[in-house]
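Heads up, the thing below is written out as structure tokens.
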Amino acid sequence: MPELPEVETVRRTLNQLITGKEIARVTVHLPRILQRPREAELFDAVLTGQTVRTVERRGKFLRILLDQSVLVSHLRMEGRYGLYRADEPIEKHTHVIFHFTDGTELRYKDVRQFGTMHLFDPGEEFTLPPLMKLGLEPLDEAFTFESFEAKLGKRSTKIKPFLLNQEYVVGIGNIYVDEALHMAGIHPEREIQSLKKEEKRRLHEAIVVTLSEAVEAGGSSIKSYVNGQGEMGMFQHQLKVYGRKAEACHRCGHVIEKSVVGGRGTHYCAKCQPLKAKRLHKDT
């Protein structure tokens, strides 16, 4: 599933490709993609004649801002956008087509058919699902150590499931949680209440650094991810633990292990990321 770096890369690409284009009409081949409104005819009627002003992101969601509406789109597992000429053949699994007045088309393709689209009046999207309960944005200036520490609290929850919960911190999926925890030297099964302040500070920094580097690399193309121009991300070549089971840790040489934490496949180095917090012993 595309995570924050991949969605941010798609956002940047779409901003270059479709900003300023006017929608002539919308064709919907798979109505269940539409969540609000659910009627394809109404979806088309509302969007026809509107111009794309900019494309923004909230967590793993794209926010396409138009003259009078905001289109909130989630790519789910394999959704992707691409800009085509109107005379180009339509590929299989293309479910929604935004026809522009300049003869180009923004096409939404989704093999798994799990993607969603919600249409709102400007500002309304933050007061209703799916955006209303989203947590801190890890690449936003408001994501300070203090705000992150406040979210962590004194919970007995394991740190990895906490980081995957979009109501606390948004956009960090399985790949980047594993990478950030490794960078911070924290075992994914450590309980939050066991973390020392310095460990929390390291984790906060690791989240920002990992996601920032991934965005600059265009995300990770682990499976089928490409950006709006069909280009693959390159961050998968920088992964330290994710997908490297039984390989040597780049930091210490210990074998990378894989287990299941919170129902998700989890990669870590047991030497760099000990399960029990190290205790400081005073000399007697």
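All of the numbers you see were taken from the coordinates with simple rules; none came from a lab. The model shown is predicted, which means the values in this text are computed figures rather than measured ones. Neighbour counts are summed over all protein chains in view; Cβ atoms, including those assigned to glycine, are modelled from backbone coordinates with ideal geometry.
Provide the packing ranking of 28-34, 127-133, i.e. peptides ordered by the mean count of other C-beta atoms within 10 Å per residue, highest first.
Numbers: 28-34: 16.3, 127-133: 12.4.
Taking the mean over residues of other Cβ atoms within 10 Å, the ranking is 28-34, 127-133.
Order of Lys154, Lys240 from fewest to most other C-beta atoms within 10 Å? Could the numbers behind the result be given before it?
On the way: Lys154 8, Lys240 17.
Ascending number of Cβ neighbours within 10 Å: Lys154, Lys240.
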Charge context of Lys240, other residues only, Cβ under 12 angstrom, K/R +1, D/E -1:
-2
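Take the residue pairs Lys133/Lys196; Lys151/Lys196; Lys151/Lys258; Lys60/Lys240 and return only those whose Cα atoms are more than 19 Å apart. Spell out each step's value before the answer.
Working: Lys133/Lys196 28 Å; Lys151/Lys196 15 Å; Lys151/Lys258 27 Å; Lys60/Lys240 23 Å.
Pairs exceeding the cut-off: Lys133/Lys196; Lys151/Lys258; Lys60/Lys240.
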State, to one decimal in nm, how far the label point of Ala142 lies from the label point of Glu39, with both points 7 Å from Cα in the Cβ direction.
3.5
Using only the alpha-carbon atoms of the chain, report the extent along each of the three principal axes, biggest first, to the nearest angstrom.
79, 37, 28
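Could you calculate the FRET efficiency of Glu56 with Arg155 from 1/(1 + (r/R0)^6), where r is the beta carbon distance between them and R0 is 45 Å, rounded to 0.05? Please list the in-between numbers first.
Details: r = 31 Å, r/R0 = 0.68.
Computed FRET efficiency for Glu56 and Arg155: 0.90.
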Quick one: grab the alpha carbon gyration tensor of region 1-49, order the square roots of its eigenvalues as a ≥ b ≥ c, and give me rounded if a/c is under 1.5, else prolate or oblate depending on whether a/b is larger than b/c.
oblate
Dividing the Cα radius of gyration by the Kirkwood radius, what Rg/Rh value follows for region 78-173?
1.13
Between Gln238 and Asn165, what is 0.36 nm times their sequence separation minus the Cα-Cα distance? Round to one decimal in nm.
23.8 nm
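What's the exposure ranking of Leu139, Leu181, Leu163, Leu42, going from fewest to most Cβ atoms within 10 Å? Please list the in-between numbers first.
Working: Leu139 17, Leu181 30, Leu163 26, Leu42 13.
Ascending Cβ contact count within 10 Å gives the list Leu42, Leu139, Leu163, Leu181.
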For Asp178, Asp110, Asp102, Asp44, order by how many other beta-carbon atoms lie within 10 Å, fewest first
Asp102, Asp44, Asp110, Asp178
What FRET efficiency would be calculated for the residue pair Phe126, Leu275, taking the C-beta separation as r and a Förster radius of 45 Å, to the nearest 0.05?
0.70
Val260-Ser194 FRET efficiency (beta carbon distance; Förster radius 25 Å; 0.05 resolution):
0.80
Cα long-axis angle, helix 197-216 against the chain (0 to 90 degrees, to the nearest 10):
40
Positive dipole terminus of the chain, leading residue within Pro2, Pro129, Met183 (C-beta point charges)
Met183
Free-by-geometry Cys in the chain, Cβ-Cβ under 4.7 Å as pairing rule, reported as Cys252
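Normalising by the residue count of region 47-165, find the relative contact order in percent from Cα pairs under 8 Å and 6+ residues apart.
Numbers: 157 pairs, mean separation 24.9, N = 119.
Reported as a whole number, the value is 21 percent.
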Only helical DSSP H runs with n ≥ 4 go in: add -39500 (n - 2.57) per run for the chain, normalise by residue count and round the 222 nm mean residue ellipticity to 500 deg cm²/dmol.
-7500 deg cm²/dmol
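For Cα pairs less than 8 Å apart in space and 6+ apart in sequence, what is the mean separation divided by the residue count of the chain, i.e. the relative contact order in percent?
Details: 551 pairs, mean separation 50.2, N = 284.
Relative contact order, the chain: 18 percent.
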